[in-house]
Amino acid sequence: LNEESQNALLKTLEEPPPETLLILATGNPAALLPTTRSRCQLLPLLSNRCEYDFAGFGELVAALNKLVGEARGNLALAEAQAAAICRVAAGLNSAATARTAAEWEGRIQAAAQSGDAPTVKRVEAQATDAGYGAYMKERGMFLSAIHTFAAELFQLASGVPFGELANPELFPAGPPANVTPEFAAMVLKGADELLFTLRFNVNE
């Protein structure tokens with residue numbers, strides 16, 4: 001559903017016909033408008049587990065947990081965690097580029113030994129493209145991890161047992177204490193707004 005389709009569907013979601021059950025399925029809940037999500041009951045598919053493997057994942061998880069735990073009401077600590085998240089984001093490109101450069105090193109050397117300048121240029125361009133593709137994949141995982149953390153925090157606050165989370169590794173110390181559904185909803189809304197901004201208003 002694009003934005004126009006979602007807006008057209010809002011009235012139906014709000015007041016469905018009698019004896020009607022509407023099921024919306026998505027692999028990317030952040031792509032849905034907040035007005036669409038607010039009219040739906042979120043049911044995560046537990047088999048739809050995300051595997052996060054990007055540079056700085058542990059640092060991101062630690063910062064997110066501190067933000068919703070220790071940093072509430074502590075602006076200095078919250079700013080420090082925001083800075084940690086920015087460091088992870090800033091390091092994604094260099095980490096992906098370095099990894100793919102190592103993977104392509106042999107091919108580039110083989111092309112150089114051929115002595116054919118167009119081949120060398122083509123292989124170098126392919127290596128650059130591979131590096132950018134790896135970065136975009138890691139950026140997607142980074143954004144997904146933030147959203148999944150916020151969504152699972154909301155699930156925990158709404159009574160979902162910790163053992164039923166699809167990605168419990170996002171909470172290495174267990175469920176955060178004293179998280180109300182209202183606070184978790186605010187975190188989820190903030191994460192949605194952040195991801196929208198990063199996806200559409202920020203240069204890659």
For the chain, averaging the sequence separation of alpha carbon pairs under 8 Å that lie six or more residues apart and dividing by its residue count, the contact order in percent is 23
Using 0.36 nm per residue, how much length does the chain from LYS137 to ASN28 gain when fully extended, once their Cα-Cα distance is taken away?
37.8 nm
In deg cm²/dmol and to the nearest 500, what is the mean residue ellipticity at 222 nm of the chain if only DSSP H runs of at least 4 residues count, each as -39500 (n - 2.57), divided by the residue total?
-22000 deg cm²/dmol
Mind listing the phi-derived Karplus ³J(HN,Hα) values for segment 174-179, rounded to whole Hz, using 6.51, -1.76 and 1.60 with θ = phi - 60°, and x for any glycine or proline?
x, x, x, 7, 6, 9
So how far apart, in nm, are the two label points at ARG72 and ALA101 if each is 7 Å from Cα heading toward Cβ?
4.4
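What FRET efficiency do you get for ALA125 and ALA83 if R0 is 35 Å and r is their Cβ-Cβ distance, rounded to the nearest 0.05?
Numbers: r = 35 Å, r/R0 = 1.01.
The formula returns an efficiency of 0.50 here.
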Volume per residue of the C-alpha convex hull in the chain, rounded to whole Å³:
165
What is segment 159-204 by shape, rounded, prolate or oblate, if you read a ≥ b ≥ c off the alpha carbon gyration tensor as root eigenvalues and call it rounded for a/c under 1.5, prolate for a/b larger than b/c, and oblate otherwise?
prolate
Phi to ³J(HN,Hα) by Karplus 6.51 cos²θ - 1.76 cosθ + 1.60 over segment 13-25, Hz, x for Gly, Pro
5, 6, 10, x, x, x, 6, 10, 10, 9, 10, 9, 10
Over the chain, with the other protein chains present, what is the accessible area per residue in square angstrom, probe 1.4 angstrom?
60
For the chain, find the longest principal axis of its Cα atoms and tell me its angle to the long axis of helix 57-68, 0 to 90°, nearest 10.
30
Let me check I've understood the local charge: for LEU77, count other residues with C-beta under 14 angstrom from its C-beta, Lys and Arg +1, Asp and Glu -1. What total comes out?
0
First measure r as the distance between the Cβ atoms of THR35 and GLN109, then evaluate 1/(1 + (r/R0)^6) with R0 = 41 Å and state the FRET efficiency to the nearest 0.05.
0.15
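The values are calculated or read from the model by the stated rules, or taken from the named source; none is laboratory data. Model, not experiment: these values are computed from the prediction. Virtual Cβ from ideal backbone geometry, glycine too; neighbours counted across all protein chains shown. Just so you know, the surface numbers come from the protein's heavy atoms only, side chains and all, with ligands and any DNA or RNA stripped out. Shrake-Rupley method; radii C 1.70, N 1.55, O 1.52, S 1.80 Å.
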